[in-house]
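Contents: one structure, followed by commentary.
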Amino acid sequence: MTTARDIPFIDSQAALEDLCAVLSQASWFAIDTEFLREKTYYPILCLVQVATPDVVACIDPLSLDDMTPLLDVIYDSGITKVMHAARQDMEIFYHMRGAVPAPVFDTQIAALLLGLPDQVGYGGLVQELLGVRLHKLHSRTDWSQRPLDDAQIHYAADDVIYLAQAYELIQEKLREAGRLDWLTGDLRALSDPALYAAHPESAWLRVKGTNKLSGAALATLQALAAWREEKAQASDRPRGWLLRDDVLLDIARHRPSTPASLGKIRGLHENIVRKYGRELLALVAKAADTAPAPLPRTKLRQRLTPSQDAAVDVMQAVVRLVGEENRINPSVLANRNQLEQLLLGNTDVPVLQGWRRQLAGDRLQGFLDGKLNIRMSGGELSIT
């Protein structure tokens, strides 16, 4: 173990085991990661920072042969792992062990129940709750380079030092407001492996613009996206290095049948055409006789009538009023797409589940059933 002033830098197996023996006795600890994935499909873990109220350390995965002691405490179901915007960190751990840690407390999600903005960044959270302005000097650091200097290690450590403090404060505030239990479902969902398993057959669902395709074009897009995912995983290279999303969509729309027509697709590099042209054309040809998988209901953006569009505007007003009444960010209740789904009869939306239903869902349903009165009173909008 080496030390950057007062921050332990864990770069030996013995030091890691000693640290994890301490962490294993904690009921919770804050954790953050630094990683690179600009040139790879899978993230390269470069640094792990951990903190409790009494302990802080930076762990160097690049110097360690075995991360098992740390993974064991991360996957200990008796210890809460505190993260901010947890999904990227959780994805890393999923790839390392093929499972997802639990339980997890995401301070970004919890902050919404305190009225903070949607997707508030870590710096914004710390400044809002703790009054500390964090420096961004090392935000573009290449964390794979060694050695890390004292300033870099302290910068990385701050990501968990203040996270631990923010966690305790958030817990206190939510407990006082009677909202701590509201988080249970949202936090449990973070430990669903389906969020992190990148199955090629479902890769098309991540391509923006699929809801504008149908028939053979949609089937082509689905086949191309699955092919790209498999190639990217096998080569450990970013998806976009093979085919960008806009290129996938153009191939699906035009469905070229010859190398010459394939080569005319804008943005499709000639090296890709040379190397994979036959495979791509075969996929396009096969998709012409394949029925596409149906679009999920949430991706079906049905064109609303002017009356329906106005109704969604009113529903958004209801959500904003409920948010103001409860000093909660309206975005945590429902977004416009979810309200459109509700208007069109889809009841499988978050606002009709759990505490969201209690606050806003029943009112929205009352509006749709004609049982809710919205009127101006004393110059302000009110709901009865």
Collect the residues in the stretch 18-35 that are farther than 25 Å from Q171 by Cβ and surrounded by 15 or more Cβ atoms within 10 Å (Cβ to Cβ), keeping them in residue-number order. D18, E34, F35
Taking only the stretch 362-384 into account, find how many residues are among the polar types (S, T, N, Q) and surrounded by 11 or more Cβ atoms within 10 Å (Cβ to Cβ). 2
Checked I272, I328 against criteria (surrounded by 15 or more Cβ atoms within 10 Å (Cβ to Cβ) and touching a residue at least 60 places away in the same chain (Cβ under 8 Å)); the one match is I328
Keeping to the stretch 352-384, report how many residues are under 17 Å from Q308 (Cβ atoms) and outside any loop (DSSP other than H, G, I, E, B). 5
Test: V48 is in contact (Cβ under 8 Å) with a residue 60 or more places away in the chain and either in contact with a Ser or Thr (Cβ under 6 Å, 6 or more places away or on another chain) or not polar (S, T, N, Q) (or both): no
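So, restricting to helices (runs of 4 or more DSSP H) that lie completely within the stretch 1-98, which ones have at least 3 residues that are under 30 Å from R228 (Cα atoms) and modelled with pLDDT of 95 or more?
Values: elements: 13-23, 68-74, 87-97.
So the answer is 87-97.
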Just the residues that are more than 13 Å from T33 (Cβ to Cβ), in contact with a Pro (Cβ under 9 Å, 6 or more places away or on another chain) and not polar (S, T, N, Q), please, taken from the stretch 52-77. V55, V56, A57, Y75, D76
Candidates V120, V126, filtered to the one that is over 17 Å from F35 (Cβ atoms), in the same structural domain as S191 (by TED's automatic domain parsing) and assigned to a helix (DSSP H, G or I): V126
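Check whether at least one residue in the stretch 188-199 is more than 20 Å from R87 (Cβ to Cβ), out of contact with any Ser or Thr (no Cβ under 9 Å at 6 or more places or on another chain) and either assigned to a helix (DSSP H, G or I) or not hydroxyl-bearing (S, T, Y) (or both), and report yes or no.
no
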Here are E172, E229, E201, E279: which of them is modelled with pLDDT of 95 or more, closer than 24 Å to E91 by Cα and either of a type in the set (S, T, Y) or surrounded by fewer than 18 Cβ atoms within 10 Å (Cβ to Cβ) (or both)? E201
Restricting the search to the stretch 186-238, which residues are over 16 Å from the mean Cα position of the chain (by Cα) and of a type in the set (F, W, Y)? W204, W227
If you check L339, L359, L352, which single one turns out to be without any contact (Cβ under 8 Å) to a residue 24 or more places away in the chain, within 26 Å of the chain's Cα centre (by Cα), surrounded by 14 or more Cβ atoms within 10 Å (Cβ to Cβ) and not assigned by TED's automatic domain parsing to the domain that holds T184? L352
Can you tell me how many residues within the stretch 47-64 are surrounded by 21 or more Cβ atoms within 10 Å (Cβ to Cβ) and either basic (K, R) or closer than 11 Å to A156 by Cα (or both)? 7
Could you please let me know if E324 is under 30 Å from L221 (Cβ atoms) and part of a helix (DSSP H, G or I)? no
Taking the stretch 129-154 and keeping residues closer than 24 Å to I170 by Cα, in a helix (DSSP H, G or I) and without any contact (Cβ under 8 Å) to a residue 40 or more places away in the chain leaves L130
Flag if T33 is closer than 30 Å to R239 by Cβ, in the same structural domain as Y162 (by TED's automatic domain parsing), touching a residue at least 40 places away in the same chain (Cβ under 8 Å) and of a type in the set (V, I, T): yes
Being buried (at least 18 other Cβ atoms within 10 Å of the Cβ) and either within 24 Å of the chain's Cα centre (by Cα) or among the aromatic types (F, W, Y) (or both) is the filter here; which residues of the stretch 65-75 pass it? L70, V73, I74
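The values are calculated or read from the model by the stated rules, or taken from the named source; none is laboratory data. The shown structure was predicted, so the numbers you read here are calculated from the model rather than taken from an experiment. Cβ sites come from the backbone with ideal geometry, for glycine too, and all protein chains shown count toward neighbours.
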